[in-house]
Amino acid sequence: MRKLLLQSLLQPPLTEGAPTVDEAQIAELAQALVGATRRRLGRSLSIREVDAGSCNGCELEIHALANAYYDLERFGLRFVASPRHADVLLVTGPVTKNMRQALERTYAATPDPKWVVAAGDCAANCGVFAGSYACVGPVSSVLPVDLHIPGCPPTPTDLLKGLIALVDQDAITTRAAT
């Protein structure tokens, strides 16, 4: 027991290092997103994240956007708890039979203009869950998807770039308004 205690005191912790991300790039991307959302919506962008049946890999990266390292709140971007306050539904994972109705209700509760973003490969084509008896299919089989962000899982930087692409598209604004 003493040997283990001594080893644990002398060895450094077995953790991963911080991600190698350019802080200037993150700030530039976030500022571009804030500017685009203010032009399109007149206010900041509110995001409601919905897990439709994923393995939680995408959720870890999405939650990283709100942690102290990326801190999107400083740019006016925020995650909201209610779909009634959201502009964007950020959906991860393939849609399972148990989550289909909940996803449809969440979409119906989100006010217009609203956008749906399918984050990750599973949301686009069911990924490793393809063919499972529990899956209804990708997000696009249940909701109209405006943007797909590829990756397994997509990085926080990829998610930020995807949100900028979403807000900058004129076609999406006209579709959401109809």
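Each Lys or Arg adds one and each Asp or Glu subtracts one; over the other residues with Cβ under 13 Å from the Cβ of residue 106, this totals +2. Computed over protein heavy atoms with a 1.4 Å probe, the carbon and sulfur contribution to the accessible area of the range 124-169 reaches 60%.
The values are calculated or read from the model by the stated rules, or taken from the named source; none is laboratory data. Computed from a predicted model, the values in this text were never measured in an experiment. Methodologically, a virtual Cβ is constructed for each residue, glycine included, from the backbone with ideal geometry; neighbour enumeration extends over all protein chains shown. Accessible surface is based on the protein model in full, side chains and every heavy atom, while ligands, DNA and RNA are left aside. Shrake-Rupley method; radii C 1.70, N 1.55, O 1.52, S 1.80 Å.
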